[in-house]
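The block underneath contains the structure these notes are about, expressed in structure tokens.
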Amino acid sequence: MALIDVKVPDIGDFKDVAVIELLVKPGDRVAVDQSLITVESDKASMEIPSSHAGVVKELKVQLGDKVSEGSVVLTLEAEGAATAAAPEPAPAPVAAPVVAEPVAAAVPAPAPAPTPAEAPVPMVAPAAASSPAAPHQPASAPALGLPHASPSVRKFARELGVPLAEVKGSGPKGRITLEDVQAFTKAVMAGTLQTQAQAAQAPAPAAGTGVGLDLLPWPKVDFAKFGPIERKELGRIKKISGANLMRNAVMIPAVTNHDDADITELEAFRVQLNKEHEKSGIKVTMLAFLIKACVAALKKFPEFNSSLDGDALIVKHYWHIGFAADTPNGLVVPVIKHADQKGILQISQEMAELAKKAREGKLGPADMSGATFTISSLGGIGGRYFTPIINAPEVAILGVCKSQMEPKWDGKQFVPRLMLPLSLTWDHRVIDGAAAARFNAYLGQILADFRRVLL
Ligand code: COA
């Protein structure tokens with residue numbers, strides 16, 4: 001066995017290119033043509049192959065070293081046949097075309113044929129062609145912003161079907177490493193990342209735009225390491241509503257305005273009404289008044305009763321109000337249809353029936369579809385304000401919390417008033433802050449003096 005210096009072959013016009021990757025170490029057995037190091041100029045990166053088969057004795061270069069044609073890469077204890085077959089470093093005429101490494105596509109492409117010992121240096125310029133059959137760009141081809149990765153990483157990505165163009169490189173100058181490809185694959189498998197091909201197959205978003213979030217993978221924590229745990233699968237409603245809420249939270253530029261409405265008189269009226277209708281079995285809650293008040297506000301501010309359709313706004317001339325109902329299985333949103341044509345008692349009765357059906361899991365699709373605006377009331381539970389998520393394709397939602405007696409200045413003195421906290425979330429693509437403030441103010445006026453509903 002002879003000790004052989006493996007040298008950098010003819011790499012065209014490249015001189016003093018930096019070693020950016022060491023692909024072997026002393027003791028490794030290498031085959032002819034196996035990549036030993038990766039070098040990189042400002043225009044291209046390439047792997048330097050071994051001219052001989054054998055065992056690496058000593059690396060003669062380190063990361064960051066500059067090499068040119070003839071620089072010794074390593075010494076190799078050469079093995080018989082290969083030594084005889086290739087006594088000198090393989091020439092690498094840059095002008096000759098080589099099989100291009102395709103930019104990895106979502107569908108795995110066949111690996112290129114292995115390069116024979118006397119073939120040109122397998123080079124991957126950033127300007128690599130996008131088809132396996134296309135000739136390789138010469139080494140001096142300008143960088144065109146294509147993925148920056150070594151041939152071995154490209155091959156690995158191709159084998160896994162990873163679209164390299166979508167992988168974020170963590171190496172020097174954004175170079176994509178093997179670990180980057182692995183991390184990308186893990187994230188896709190874990191469902192925390194979608195490839196563009198997968199995203200293209202997903203249902204088109206309402207506004208016709210794609211979502212290009214460059215998010216970190218979801219943190220994976222072994223909670224059992226810290227204490228006892230129990231795993232509970234999410235129920236069907238939670239899974240469905242979760243996916244919808246996620247889309248709505250991410251895709252809608254939502255803003256929330258908080259305000260208060262003085263409902264002192266309205267609450268007194270509600271209590272009186274309930275006394276009068278005690279025998280009817282109908283219980284009127286504040287939510288019924290809110291539905292009616294919202295219809296009046298929606299009529300005054302029609303863009304709140306609309307949906308976006310691309311560049312157009314679909315303004316609806318019907319007023320179907322959804323209300324979020326808490327059930328043992330999760331949140332559902334039954335809808336009071338034609339709320340503008342119904343009185344408080346009828347709305348109260350329908351709400352009670354729908355809420356009962358919701359709790360019993362008996363709501364049908366017709367009960368939950370067609371809403372033009374939604375109210376989420378936590379009034380029976382508590383809290384001050386919150387930021388409800390818009391129920392797409394609606395463009396606004398009203399959150400309501402528990403009313404409380406508060407001291408209010410009437411110009412002469414503080415007087416106790418029952419104040420209802422309102423939180424209006426709106427889609428900023430459709431609604432402006434001023435309109436939202438006016439909507440809340442108008443709603444407050446109606447709730448303070450319900451006769452205004454008639455106006
Ligand atoms: N302020 C003070 N008290 C209020 C109130 C308010 N804003 N709204 C309701 N209340 C009172 C009611 O008067 C009632 O009082 P009573 O028992 O003394 O008669 C009590 O709170 C319970 O009311 P509730 O049964 O909740 O009726 P409702 O008409 O207000 O709400 C549902 C009906 C179905 C909407 C409600 O039960 C529900 O599920 N709310 C949760 C919605 C939700 O989870 N939203 C969050 C989405 S993220």
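Restricted to the stretch 414-425, and to residues that are open to solvent by 40 Å² or more (accessible area, probe 1.4 Å) and of a type outside the set (A, V, I, L, M, F, W, C), which residue is farthest from the ligand (Cβ to nearest atom)? Reasoning before the result, please.
Initial filter on the stretch 414-425 (open to solvent by 40 Å² or more (accessible area, probe 1.4 Å)): 414, 416-417.
Filter once more, keeping what is of a type outside the set (A, V, I, L, M, F, W, C): 416-417.
Numbers: Pro416: 15, Arg417: 13 Å.
My answer is Pro416.
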Within the stretch 165-185, of all residues that are surrounded by fewer than 17 Cβ atoms within 10 Å (Cβ to Cβ) and charged (D, E, K, R), the one nearest to Val19 (Cα to Cα) is Lys173
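Restricting to the stretch 1-49, give me the number of residues that are part of a loop (DSSP other than H, G, I, E, B) and aliphatic (A, V, I, L, M). Please lay out each step first, then the result.
Kept after step one, since they are part of a loop (DSSP other than H, G, I, E, B), are these residues of the stretch 1-49: 1-2, 8-16, 23-28, 31-34, 41-44.
Filter once more, keeping what is aliphatic (A, V, I, L, M): 1-2, 8, 11, 23-24, 31-32, 44.
Going through the stretch 1-49 one residue at a time, the tally reaches 9.
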Restrict the check to the stretch 409-425 and report whether at least one residue is of a type in the set (Phe, Trp, Tyr) and either touching a His at 6+ places or on another chain (Cβ under 7 Å) or not in a helix (DSSP H, G or I) (or both). yes
Residue under evaluation Gly411, criteria (1) on the phi > 0 side of the Ramachandran plot; (2) within 16 Å of the ligand (Cβ to nearest atom), criterion not met: (2)
Take the conditions surrounded by 11 or more Cβ atoms within 10 Å (Cβ to Cβ), assigned by TED's automatic domain parsing to the domain that holds Ser348 and away from the ligand (no atom under 12 Å from the Cβ) and apply them to Val255. Does it pass? yes
Pick out the one residue from Val453, Val395 that is away from the ligand (no atom under 16 Å from the Cβ) and crowded, with 19+ Cβ neighbours inside 10 Å. Val395
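Looking only at the stretch 229-248, how many residues end up being β-branched (Val, Ile, Thr) and more than 17 Å from Ile390 (Cα to Cα)? Give the steps one after another, and end with the answer.
So in the stretch 229-248, the residues β-branched (Val, Ile, Thr) come out as 229, 237, 240.
Still in the running and more than 17 Å from Ile390 (Cα to Cα): 229, 237.
So the answer is 2.
Restricting to the stretch 368-390, give me the number of residues that are more than 10 Å from the ligand (Cβ to nearest atom) and outside any helix (DSSP H, G or I). Please lay out each step first, then the result.
Of all residues in the stretch 368-390, those more than 10 Å from the ligand (Cβ to nearest atom) come to 368-373, 384-385, 390.
Keeping just the survivors that are outside any helix (DSSP H, G or I) gives 369-373, 384-385, 390.
Of the residues in the stretch 368-390, 8 are more than 10 Å from the ligand (Cβ to nearest atom) and outside any helix (DSSP H, G or I).
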Checked Pro365, Pro388, Pro421, Pro393 against criteria (assigned by TED's automatic domain parsing to the domain that holds Pro253 and over 25 Å from Val315 (Cβ atoms)); the one match is Pro421
Does the stretch 426-443 hold any residues that are touching a Leu at 6+ places or on another chain (Cβ under 7 Å) and open to solvent by 10 Å² or more (accessible area, probe 1.4 Å), and which are they? Arg429, Val430
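Could you check the stretch 441-454 and list, in sequence order, the residues that are among the aliphatic types (A, V, I, L, M) and touching a residue at least 60 places away in the same chain (Cβ under 8 Å)? Explain how you work it out, then say what you get.
Of all residues in the stretch 441-454, those among the aliphatic types (A, V, I, L, M) come to 441, 443, 446-448, 453-454.
Residues satisfying the conditions are Ala441, Leu443, Ile446, Leu447, Ala448, Val453.
Name every residue in the stretch 398-408 that is open to solvent by 30 Å² or more (accessible area, probe 1.4 Å) and not in a strand (DSSP E or B), in order of residue number.
Taking the stretch 398-408 as the starting set, the residues that turn out to be open to solvent by 30 Å² or more (accessible area, probe 1.4 Å) are 402-408.
Matches in the stretch 398-408: Lys402, Ser403.
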Taking the stretch 307-336 and keeping residues open to solvent by less than 30 Å² (accessible area, probe 1.4 Å), out of contact with any Leu (no Cβ under 8 Å at 6 or more places or on another chain), modelled with pLDDT under 95 and not small (Gly, Ala, Ser) leaves Thr327
Where a residue in the stretch 320-338 is closer than 18 Å to Lys232 by Cβ and of a type in the set (A, V, I, L, M, F, W, C) and its partner, wherever it lies, is near the ligand (Cβ under 10 Å from one of its atoms) and open to solvent by 10 Å² or more (accessible area, probe 1.4 Å), with Cβ under 6 Å and at least six apart: Leu331/Ser241; Leu331/Ala324
I'm checking my understanding of the structure. Among residues of the stretch 4-49 that are among the basic types (Lys, Arg) and under 21 Å from Glu79 (Cβ atoms), which one is nearest to the chain's Cα centre (by Cα)? Lys25
Candidates Thr209, Thr195 - the one that is surrounded by 13 or more Cβ atoms within 10 Å (Cβ to Cβ), modelled with pLDDT under 85 and out of contact with any Ser or Thr (no Cβ under 8 Å at 6 or more places or on another chain): Thr195
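Quickly run through the stretch 398-408 and pick out the residues that are more than 9 Å from the ligand (Cβ to nearest atom) and in contact (Cβ under 8 Å) with a residue 12 or more places away in the chain. Spell out how you get there, then give the answer.
Within the stretch 398-408, the subset more than 9 Å from the ligand (Cβ to nearest atom) is 398, 405-408.
Those that are more than 9 Å from the ligand (Cβ to nearest atom) and in contact (Cβ under 8 Å) with a residue 12 or more places away in the chain: Leu398, Met405, Glu406, Lys408.
The values are calculated or read from the model by the stated rules, or taken from the named source; none is laboratory data. Computed from a predicted structure; not experimentally measured. FYI the Cβ positions are ideal-geometry reconstructions off the backbone, even for glycines, and counts take in every protein chain you see. Side chains are part of the model used for accessible areas, which takes the heavy atoms of the whole protein and leaves out ligands, DNA and RNA. Shrake-Rupley method; radii C 1.70, N 1.55, O 1.52, S 1.80 Å.
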